[in-house]
Amino acid sequence: MDFRRTTHPLRCWLALLLCAFSVGCEPESRAPEPGVLVITESEQTASYVRNFNPLLGAGRWAANHAIYEPLLIYNVAQGRYEPWLSTNYAWSDDGLALSFTTRTGVKWSDGEAFSAQDAAFTFELLRRFPALDINAVWKFLERVETLSENQLRLRFKRPFVPGLYYLASQPIVPEHTWRDVEDPVTFADPNPVGTGPFTEIESFQSQVYQIGKNPNYWQPEKPKLKALRFPAFPANDQTNLALIHGDLDWAGTFVPAIDRTFVSRDPDHHRYWFPLMQGSVLLYPNHTRAPLDDVRVRKALSQAIDRKKLVQVALFDYSRPADATGLSDAYAKYRDPQAVAAGDWVNYDPQQAATLLDSAGIKMAADGLRHLPSGEPFELEINVVAGWSDWVRSAQVICRNLEQVGVKATLRSYDFGAWFQKLQRGDFWLSLGWTEEGPTPYSLYRGLMATETKQPLEEEAATNWHRFASAKADAWLRELERTTDPMQEHALYASLQRLFVEQAPALPLFPDVSWGEYNLKRFKGFPNEADPYALLTPNKAPDSLLVLTRLEAK
C-alpha cells in the first residue's frame, strides 16, 4: 500500500488550514456577549432541530448536559459518584432493592417543587414506553416505589449491582409537564422545564441557539455564567477554524497538530487535554451478514489493518493501537495479560489475513479481488459520520488496508442522525463506533456480547449494534451482577476478555480520545491535567454539569 496517497492530502489540508489562518481568508467573527459561553456540540450538523427530549439521547446537547439532571453523576476523572438530585443511596441487604434520598429544596425551572415522585414517574415512563428504555433497566427492575417526598425505592427482579450506574445516570423529567404528553417517544420537548443550571431557551435558529440560566437553580450562586450559545458546525474543519480564531470558548473536537494549529495561535489562552479515559473506537462487523459471521473472516479483516499507521495518519498519534480486549485507560486495572497476549489478531499481518481468508473459502481471483464461495466478489462498505475527520481518515486507511488483501471496501459517510439510525437498526456491513462506558467494564462487555442487548434487525439497539450474543458471556455477566468481591470481579472480567479475544465479535482500533479544548480569554475554571475535577470534554453527559457549575467569567 502506498501511504503517501493517504498522507499527501492530509498535508495539503493542513497547509490550506494554516493558510486560511495567516492570509486573511478567515470566517467572519462576532464577539460573543460577556458571560455567554460559546460551545460546540459533538453531534456536528449543518442545522439544528428544536428537540430537547432527554429520554432518547437524540435531543440537542443541552438536554442531557445542562437542562435535565440525574440522581448521581459518575465522575470518570475521579472514579467516584457525585451526589446530585440524590444526596445518597443505599442497597438492601439482599441486593434486591436500591433506595435514593432525593435532594430537598430543588425546584423545576418553572418554580414547581421537585420530589422523589418525579423520579418515580420518569422510571415508569420507561416501563410504559419501552423505546425510551435505552439502557434496558426494566430487564432487571421489578417496580418503583415512592416512600415519601424524598425517598425513592427501586426493587429488582434479581441482584444487579451494575444497575446503580444505569439508574443513577437517568435524566429525570417533571411529572407535572410530562404526564399529559401523549407520545413521549416522538415528543420534541421544544420548551423544556428542567432542574439543570441552564433551562431557558432565549433564542433558537437553525444554525445557532442560546440557553439562559435556570431562575430557580438549586445550587446557590450558580451557575456563574449568563448563558450558553451553540453555533452549528457541519464538520471538524469548520469547528477548528472557529476554535482557533477564538470564536469558541469550549470544544471537544479532533484538531490536527494541535500545538501548532491551536496552542501557538494564542499560547497564553489556548489549552487542551486529551486523556484516553473514555471507551474505545471499534470497527463493528454486522454478524447478520455472511461471511462476517465467521470468526476467521473477522480476524482476517483485523489483521489486515495497520493500526500504527492508522493512529499516526488519522489521529496524529493522540491515541495508540488498541489491544484485543478493547479496554481503554479507564479500565487499565482490569486488563488481563493473558487475554492481551492471545489477541494477536490486532497485529498487522497481511499474510496471516490472506491465510485466514483462504481458509474461509474466500480466495483471490484473477481480477485481483477475493471472491466468496458463491463466486460473488467480497465487497464491503464502511459507515462513518460525515465531518468526523478523524473517523473518516481512519476508514480511508482501513479501506486501503483491505484492498491490499483483495477485499474491496467503500467508505460511506452520513450525517450523524442517519449514521446512528443505520447503526442502531443493523443496516450496515462495517461501521466505526464507540463502546459503552461506566465505572467498570461491565457496560462495555454487556453491550458487546450480552443476549439481552441483542435486538432483531430493523429494531433499534442501544448497544450490540453488530448483533452478537454468547451464553458464556451471559453467565459471567450475571455473576458480576451479584458480586461486590473485587477478586471475583477481576476473575470474571478476565474470562470476558478471553472470550472476546477468542470470538472477536468487534475489532478494537484505538482507545477513544476524550477531546477537550478551551480558551482562557473570557472564562476560567476548566478542568485540566493539573486539576482533573472532571473530564474536560463537553461530549460526555452528565459530567458536563460538573464543569458548567464551576466555570465563571473573568
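Only the coordinates and a few stated rules stand behind these numbers; no lab work does. What you see is a predicted model, and the numbers here were worked out from it, not measured in a lab. Note that each Cβ is placed from the backbone with ideal geometry, even for glycine, and that neighbours are counted across all protein chains shown.
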Inset, instruction - Evaluate the Kirkwood expression for the hydrodynamic radius of the stretch 363-412, namely the inverse of the mean inverse distance over all pairs of different C-alpha atoms, and round to one decimal in Å. - result: 11.5 Å
Inset, instruction - Could you pull out every one of the lysines with an alpha carbon less than 27 Å from that of Lys157, ignoring same-chain neighbours closer than 8 positions? - result: Lys139, Lys454, Lys472
Inset, instruction - Could you give me the percent of Cα pairs per 10 Å distance bin for the stretch 112-183, shortest bin first, beginning at zero and ending with the bin that holds the maximum distance? - result: 19, 55, 24, 2
Inset, instruction - Can you tell me the order of 396-402, 154-160, 335-341 when each peptide is scored by its average per-residue count of other Cβ atoms within 10 angstrom, highest first? - result: 396-402, 154-160, 335-341
Legend entry - Rounded FRET efficiency, nearest 0.05, which uses the C-beta distance separating Ala290 from Met364 and R0 of 25 Å: 0.85
Legend entry - Relative contact order (%) - criterion: Cα under 8 Å, at least six apart; region: the stretch 479-553: 24 percent
Legend entry - Point-charge dipole on Cβ atoms (K/R +1, D/E -1) for the stretch 195-302, about Cα centre, debye to 20: 340 debye
Inset, instruction - Note down the relative contact order for the chain as a percent, whole number, built from C-alpha pairs under 8 angstrom at least six residues apart. - result: 20 percent
Legend entry - Farthest positive-ward along the stretch 480-541 dipole, Cα basis, beta-carbon charges - from Phe500, Phe510, Ala541: Ala541
Legend entry - Backbone HN-Hα couplings from phi across the stretch 296-301 [Karplus 6.51/-1.76/1.60, Hz, Gly and Pro as x]: 5, 5, 4, 5, 5, 4
